[in-house]
Amino acid sequence: MTLEVTDNADHSRSFDGIRRRAQARGLALRGAFHPAPGEFEGLLPGVRAGTMILLGFTGSLQWDLFRSSPEASDGMPHPLDRWSRRIIAALAGELGAVDIYPNGPPPPLPFQQLAVRAEPVHPSPIGLLIHPEWGLWHAYRGALVLPDRIELPAVEPSAHPCSLCASKPCLSSCPVQAFGGGTFDAQACINHVQSAAGSDCRERGCRARRACPVGPDYRYVEDQARFHMRAFLGSAICPGPPPARR
């Protein structure tokens, strides 16, 4: 259900006002930070970057709004990317901001590095960022670049969840050990998922990701996990810009 946004003009560009606007359209506000003066001039020429606000998904809380969208059922490629761009571009227009995305247009910005500055996330052994609450079950769909510096809540420091995890089940749960040796063997993963033996990963999502003990209540619903696995396989069969980490 979409909530009505009732922010007045003076409050609509506050952190909480933007959070409510995003939430009403199906996106979570994933944190924000103030770039250093001129920091993004090379990547965003002509854009004054006073505040950068990241938007995305947390668990499956936003999934139903996407699934009920025209993009989800029109049969065209990249439905989630197209939906994200439509929603974020509309927010940017309302707020006088510039919209940016993990896949560009080029040059793509380093979203994982931006995320570390915006909220308490840390690199995990399987390459995804881990959040102390959401675990590995979150994603970044895009960002808004506001020209002005708005007041932001402090980013609360947090311990790296993986530092407290001695057994690292994410590294030992992959049926083909695709994360062995500190790198991701994408071809081994793809071959397995496409095989008869890979039905569990294909239908329920990456087994290594599901093995993580952090944030189990926020695991993607099967429909969402299946969607992202099919998108991963599709990007491997038809190479294009690298997909954002889901």
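Taking SER158, is it open to solvent by less than 50 Å² (accessible area, probe 1.4 Å), within 19 Å of GLY59 (Cα to Cα) and polar (S, T, N, Q)? Explain how you work it out, then say what you get.
On the way: open to solvent by less than 50 Å² (accessible area, probe 1.4 Å): yes; within 19 Å of GLY59 (Cα to Cα): no; polar (S, T, N, Q): yes.
When the stated conditions are applied, SER158 does not pass them.
Mind checking which helices (runs of 4 or more DSSP H) fall wholly inside the stretch 15-127 and carry at least 1 residues that are among the aromatic types (Phe, Trp, Tyr)?
Numbers: elements: 15-24, 63-67, 70-73, 79-95, 111-118.
Where helices (runs of 4 or more DSSP H) fall fully within the stretch 15-127 and carry at least 1 residues being among the aromatic types (Phe, Trp, Tyr), they are 15-24, 63-67, 79-95, 111-118.
Can you report the number of residues in the stretch 161-170 which are open to solvent by 60 Å² or more (accessible area, probe 1.4 Å) and hydrophobic (A, V, I, L, M, F, W, C)?
Matching residues across the stretch 161-170 total 2.
In the stretch 209-218, is there at least one residue being of a type in the set (Val, Ile, Thr) and closer than 30 Å to GLU41 by Cα? Give the steps one after another, and end with the answer.
Here is the first cut: in the stretch 209-218, the residues of a type in the set (Val, Ile, Thr) are 214.
Keeping just the survivors that are closer than 30 Å to GLU41 by Cα gives none.
No, because not a single residue in the stretch 209-218 is of a type in the set (Val, Ile, Thr) and closer than 30 Å to GLU41 by Cα.
List every residue pair whose Cβ atoms lie under 7 Å apart, where the two residues are 6 or more positions apart in sequence or sit on different chains, the first residue falls within the stretch 133-161 and is farther than 30 Å from GLY96 by Cβ, and the second residue, located anywhere, is among the basic types (Lys, Arg).
Filtered contacts from the stretch 133-161: LEU136/ARG209; TRP137/ARG219.
Output the number of residues of the stretch 82-93 satisfying the condition of being buried (at least 16 other Cβ atoms within 10 Å of the Cβ) and touching a residue at least 60 places away in the same chain (Cβ under 8 Å).
Here the count works out to 3.
Quick one: count up the residues across the stretch 23-35 that are farther than 20 Å from ALA154 by Cβ and touching a helix residue (DSSP H, G or I) at 6+ places or on another chain (Cβ under 7 Å).
Looking only at the stretch 23-35, we keep the residues that are farther than 20 Å from ALA154 by Cβ, and these are 23-27.
Checking which are touching a helix residue (DSSP H, G or I) at 6+ places or on another chain (Cβ under 7 Å) leaves us with 25-27.
The number of residues fulfilling the criteria is 3.
The values are calculated or read from the model by the stated rules, or taken from the named source; none is laboratory data. Bear in mind the structure is a predicted one, so any value in this text is a computation, not a measurement. Using ideal geometry, Cβ is built from the backbone for each residue, glycine included, and neighbour counts are taken over all protein chains shown. Just so you know, the surface numbers come from the protein's heavy atoms only, side chains and all, with ligands and any DNA or RNA stripped out. Shrake-Rupley method; radii C 1.70, N 1.55, O 1.52, S 1.80 Å.
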